[in-house]
Amino acid sequence: MRKSVLRGVGAIAGAAAALAAPLAGSAASATYTVGPISNLSSTSCSGQNAEVEQAADAQRGYVYVVWMGCSKIAFSRSTDGGVSFSPAITVPGSIGSNLNAWDPAVTVAPDGTVYVAFMIDHGSQWYPVVDASFDHGLTFPQVSPLTPPDPKNWGDRDFLAVGPDGTVYVTWDYGPQRTSVTFLCDPSGSCGFATGDLNVVIQRSADRGASWSSMFYVSPGFPASGGDSAPMVIEPSGRIDVLYQGYRITDTTTYAMDPGYSYFTASTDKGTTWSAPVQLGPNSGTMSLSEWWIDGGIGRDAAGNLYAVWDTQGSSDDVGWLSFSSDGGRSWSAPIQAPADRLNVPHLMEVAGGGSGIAYVSWLSSSDPRGYALYLRAFSVTKGWISPPFQVSTQFGDTSVWPGDTTGLSWLGGNRVVASWGSAVDAKNKKGDIYAATVTVQTH
């Protein structure tokens, strides 16, 4: 969602590796070992830090993390599989925006090229910029703006992915008329949308991000489809799988909208055309207009099963969900509750596919009265949840400080994942920092 001001996060790094018991719940059949928790921003980014995303190159042992910080968009990398991280740098092109640069994203190509994207406000236009690194994140010599055709457009949350042939894709939220977009903002969070000509679009690059195609429309109904926030995974065949948030526009003059749902769609022609959207969890609640975090994640395991996570809000509850598909997204399982609680607090959901039939689900939530914490839970398509939720973070974040709208979660191969999150645990200074840690999940 739109963030014109970085509100901040914070935390003090947890140190030694720890083996902890799962949270109360069903009998555990998995144990979680957390490696050293790294503070990526404490020494190299003096200001506030939030809104983290990450990507892993498991074959080469690299983990790449981006976030809003270091004045604009910050980047750090690990060369040892997430055990330790480099000092943060500010990526090129993120300085010079009229407002904050916001909504960072990162991905890594099969050949090791690293791409970082983020949104900027330049002149009267809001649009993504994509940086490319050809030395595993040491430098970013290539900066490519995706300038839209409209003079006063609206733009928001971008996502990146790379196909097996090296084609780079970016989805982003786009509206031709920025004046149609109005916001519902939380004093301790970010913003949702009250109205707007919202759409999900995709652009592609066949030359390692140097040049980009025109827009193709992912959510049906342009120029006011009600679609936004569209993470994706790319199949070995090159098919693009997208999960997006869809709101029904109820008035094409004011662009008022109803609460939203999650939808799945796919493209087999590099994003030019898209399959009819499949609605997930139609009877499991809606996403409220005032929801301020990025809602929805998609993953794919080694066997090709797809996983989707999202969060719904009722009048007195908030529920995080998981659904899976074993037929390429044509049909999806009934939604399965992921967090054990239904408390009326945010649950920022994320998912990563693992080995055959295995997914890892994380969420950042303030369900504990002590504040924000990151939780993890492993799932099997044949057994269901392998354990109760497990708390990864060792300290709690101040709920009055924005933790960002996203978290990071990547599979490292075997039974290891790496997670990243923002949180404000320094109650006195309310300093925002970004954390990352590896987790080994041992099933029994």
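Bear in mind that the values in this text are calculations on the coordinates, not laboratory data. Just so it is clear, the structure is predicted and the values come from calculations on it, not from any experiment. Every residue, glycine among them, receives a Cβ derived from its backbone with ideal geometry; neighbour counts consider all protein chains shown.
Listed by Cβ neighbour count within 10 Å, with the fewest neighbours leading, 195, 265 appear as 195, 265.
Compute the separation of the alpha-carbon centres of the stretch 398-444 and the stretch 181-258 and state it in Å as a whole number. Their Cα centres are 26 Å away from one another. For residue 286, the residues whose modelled amide H falls within less than 5 Å of its own, excluding neighbours fewer than 5 places apart on the same chain, are 313.
Along the stretch 336-343 the Karplus relation, 6.51 cos²θ - 1.76 cosθ + 1.60 evaluated at θ = phi - 60°, assigns HN-Hα couplings of 10, 5, 9, x, 6, 9, 10, 5 Hz to successive residues, with x for each Gly and Pro.
Summing Cβ point charges (Lys, Arg +1; Asp, Glu -1) relative to the Cα centre of the stretch 18-443 gives a dipole of roughly 540 debye.
Counting other Cβ atoms within 10 Å as a rough exposure proxy, the listed residues 300, 157, 330 run 330, 300, 157 from fewest neighbours to most. Once C-alpha pairs closer than 8 Å and six or more residues apart are averaged by separation and normalised to the residue number of the chain, the relative contact order reads 18 percent.
Once the dipole of the stretch 18-443 is set up with Lys and Arg at +1 and Asp and Glu at -1 on Cβ about the Cα centre, which of 434, 287, 315 lies farthest towards its positive end? Comparing the listed Cα positions along the dipole, 434 ranks first. The stretch 28-77 and the stretch 125-157 have Cα centres lying 21 Å from one another.
With contacts taken as Cα pairs under 8 Å at a separation of at least 6 residues, the stretch 394-444 carries a relative contact order of 35 percent. Counted by neighbouring Cβ atoms within 10 Å, the residues 349, 68 run from fewest to most as 349, 68.
Each 20 Å bin from 0 upward holds the following percent of the Cα-Cα pairs of the stretch 18-443: 29, 63, 8.
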